[in-house]
Amino acid sequence: MDQSEFLARLTDKDAASACAFADRIVRESRESDCWYPYLEEALGLLGHKNSLVRNRAIAILAANARWDAAGKLDAVVNAFLTHVTDEKPITARQCIKALPELAAAKPNLIPWIRTALEHADLTGYRDSMQPLILKDIVRALQEIATPEKKAE
């Protein structure tokens with residue numbers, strides 16, 4: 001599969017198909033580095049206008065972090081962490097839930113991850129969403145502090 005097909009499938013207007021493809025990538029990436037060659041393309045999707053595409057990119061990047069000996073994610077960790085307070089609360093929650101997996105694969109990023117979580121400004125979210133996001137943050141911080149509870 002070439003890069004353009006990879007991107008086309010992840011950004012497909014058929015959300016169910018794109019989501020199923022992303023789920024497959026995440027599942028397979030937890031077992032092997034077969035999707036790591038597409039890391040640059042996934043990184044590019046972090047800034048996509050569609051929040052569902054950003055969600056897919058976040059999950060794919062977290063699952064591939066374990067194969068990132070080249071440090072590509074390290075170089076863009078701040079861009080990744082901006083999604084802790086993404087404009088869409090669902091994307092923020094997906095990012096927060098992905099952080100323990102990222103931290104387990106890249107312990108050197110834990111200080112940045114902890115800082116992003118501990119300083120997340122939730123005031124931009126509806127009052128009904130703030131407690132849910134805060135609960136996600138607390139859970140992620142607990143999982144990061146307890147390595148044996150690695151996210152899978």
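None of the figures in this text is laboratory data; all of them are computed from the coordinates on show. Keep in mind it's a predicted model, so treat the numbers as computed, not measured. Neighbour counts are summed over all protein chains in view; Cβ atoms, including those assigned to glycine, are modelled from backbone coordinates with ideal geometry.
Length available on full extension from HIS48 to ARG30: 0.36 nm per residue minus the Cα-Cα distance, which gives 4.1 nm.
For semi-axes √(5λ) of the Cα gyration tensor in Å, the value computed from the atomic coordinates appears in the list (i) 32, 15, 12; (ii) 24, 19, 13; (iii) 22, 19, 15 under label (ii).
How far is helix 130-145 tilted, in degrees, relative to the longest principal axis of the Cα atoms in the chain, given as a value from 0 to 90 rounded to the nearest 10? Between the helix axis and the principal axis of the chain, the angle is about 80 degrees. Please report the spacing between the Cα centers of the range 1-76 and the range 84-152 in Å, no decimals. With the range 1-76 and the range 84-152 each reduced to a Cα centre, they are spaced 19 Å. Estimated from helices alone, the mean residue ellipticity of the chain at 222 nm is -18500 deg cm²/dmol (sum of -39500 (n - 2.57) over DSSP H runs with n ≥ 4, per residue). Relative contact order of the range 3-149, taken over Cα pairs closer than 8 Å and 6 or more residues apart, is 18 percent.
If r is the Cβ-Cβ distance from ILE110 to ASP12 and R0 is 35 Å, what FRET efficiency results, to the nearest 0.05? Here the calculated transfer efficiency is 0.55.
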